[in-house]
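Structure first, then comments.
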Amino acid sequence: MSGIPHNPDGKPLTVDQALININQTADPGLRYYAAWWLGRMRTCQPEAIDALLLALEDKTNRSPDGGYPLRRNAVIALGKIGQDDDRVVPAVIHCLQCDDYYVREKAAQSLESLGDPVAVYPLIELLDGGVDKAVQAPGKPHLIHSYNAILEALGTLGDKKLANTIAPFLAHTVPQVRNAAARAMYQITGEAQYADRLVDVLSHDQLQLRRAALMDLGAVGYLASADAIANTLAENSMKLIALKGVLEHQLTKDEKGNALSADSRRVMTLMDSLL
Amino acid sequence: MEATLKTFDVCLKAVNDADSAQGLLDAVEDLAELKDERAIDPLIQVLGFNNPGAAVAAVEGLIQIGIPAVSPILETLDGYNYGARAWAIRALAGIGDPRGQRLLLNAAANDFSLSVRRAAARGLGAIRWHEIQETERDGAMERSQTILLQVTQDEEWVVRYAAIVGLEALALKLNDREKICHSLCQLKEKDPTAAVQARAQWALEKIEHER
């Protein structure tokens, strides 16, 4: 139940062993796994960062579609543990130019969690050409870029000046992209009209989209959506996660050391009813 | 609404005839809404259908029916597969009958699924204590308290949150609240999740207020 990862040979991995594994090239499987493990276990030693930065340059571990699986894992791990190392953000930004869609997607997500606004401009560059260029990649099951990840990162890292760049994506043909745009617009403008678009998705026919909207509303902590979240047709587990996001956003506004605000208590009442 | 309520026979037939997941969900919701004791057995059967939407509706229906559903649930429990047991435990947690306590104690502490631990933890604080003989009541409350204090250390935030809700309900029924208040103070200060800290703070506020 504790979810402690094991080595493929069944023995629990240690930090020392993971560092050995990621610094060797004879067994690509062990190296790939170690990259994931270092992020999962939040191993912050400089040696781990060194090794992961090196793994971003890897040219040997290739998937049948030409992708770079090791780089994908390494860029995810760096998003989790790279906060305090100045080398990480530039290296992850560089990954936005990788020809592997998934490396670019993970890079956008990692840049969002690393939280450095210096990534805003390189992320915007991927939106060059606007919605017209944001089409299906030829022969692939996805668009040219992961626009969701890019828009979400811009929403977190950017400011109001990006509104003209992001707003056109509110009309994209793919619902997930529209939602990501609405989420980002709400984050950068604070205008309720954008978060209300996500509230509307809570009553969509497709469960997948309702779930995604729950996660989005939780991520931005939109208080006015609390009742709608509680009433959505979806698993209580998902609704609880969304309401936790709303509550924790509200708590940052409550005065520390004082009694909880009426809004915080209202959200907790909803959460209690879903247990 | 009253006028459109379907009869038991119509609802039961619809459950048996359902040929899609959505159709089953709709039929189970209608059946559950009747709050008819004749629906107990068919609702229990739905728990084993591996259809989460319908199972949620069936659990809700069984909770609404309440006490009369407890014996049938307990009697069929051993024959259940894992998934159906998990749903049955959620129903028992919602009903709060003391006969379900032993199962809830075990589920809150040990179940593999976090949604079952979560429901069981909440349920342990919401047992109908007055239905337990006075001579046995303190012991039963003590058992809930011991497990809930342990569950405040669960690795999942939502289970710790549910344990706090359970402890709050329990504390409001107890004279000696020292252990619970001590645990809530610790959680308020030290839990790694802000939402859990806040729930502990609110529980303390409510317990203080009630004094």
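The values are calculated or read from the model by the stated rules, or taken from the named source; none is laboratory data. Keep in mind the model is a prediction, meaning the values are calculated, not measured. Heads up, the Cβs are rebuilt from the backbone with ideal geometry, glycines too, and the neighbour counts pull from every protein chain shown.
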How many residues are closer than 15 Å to residue A:211 by Cα and buried (at least 22 other Cβ atoms within 10 Å of the Cβ) when one looks only at the stretch A:159-184? 3
Are any residues in the stretch B:37-58 surrounded by fewer than 17 Cβ atoms within 10 Å (Cβ to Cβ) and over 20 Å from residue B:79 (Cα atoms), and if so, which ones? B:37, B:38
Being more than 28 Å from residue A:29 (Cβ to Cβ) and either of a type in the set (S, T, N, Q) or surrounded by 14 or more Cβ atoms within 10 Å (Cβ to Cβ) (or both) narrows it down to one of A:125, A:112, A:105, so name that one. A:112
Residue that is surrounded by the fewest Cβ atoms within 10 Å (Cβ to Cβ), among those in the stretch B:170-195 that are outside any helix (DSSP H, G or I) and among the basic types (Lys, Arg): B:173
The lone condition residue A:16 fails out of (1) in contact (Cβ under 8 Å) with a residue 12 or more places away in the chain; (2) surrounded by fewer than 14 Cβ atoms within 10 Å (Cβ to Cβ) is (1)
Among the candidates B:167, B:204, single out the residue that is surrounded by 15 or more Cβ atoms within 10 Å (Cβ to Cβ), more than 10 Å from chain A (Cβ to nearest Cβ), touching a residue at least 40 places away in the same chain (Cβ under 8 Å) and in a helix (DSSP H, G or I). B:167
For residues that are modelled with pLDDT under 95 and either out of contact with any Lys or Arg (no Cβ under 8 Å at 6 or more places or on another chain) or closer than 14 Å to residue A:134 by Cβ (or both), tally how many sit in the stretch A:191-205. 1
Report, ordered by the first and then the second residue, all pairs with beta carbons closer than 7 Å, sequence separation of six or more or different chains, a first member in the stretch A:24-38 that is at pLDDT 90 or above, and a second member that is outside any helix (DSSP H, G or I) and of a type in the set (A, V, I, L, M, F, W, C). A:37/A:13
Helices (runs of 4 or more DSSP H) contained in the stretch B:59-149 and holding at least 3 residues small (Gly, Ala, Ser) and crowded, with 23+ Cβ neighbours inside 10 Å: B:82-95, B:114-125
Quick test of your reading of the structure: residue A:257 fulfils all but one of (1) in contact (Cβ under 8 Å) with a residue 24 or more places away in the chain; (2) farther than 26 Å from residue A:130 by Cβ. Name the failing condition by number. (1)
Any hit, the stretch A:64-76, residues being out of contact with any strand residue (DSSP E or B) (no Cβ under 6 Å at 6 or more places or on another chain), without any contact (Cβ under 8 Å) to a residue 60 or more places away in the chain and closer than 23 Å to residue A:158 by Cα: yes
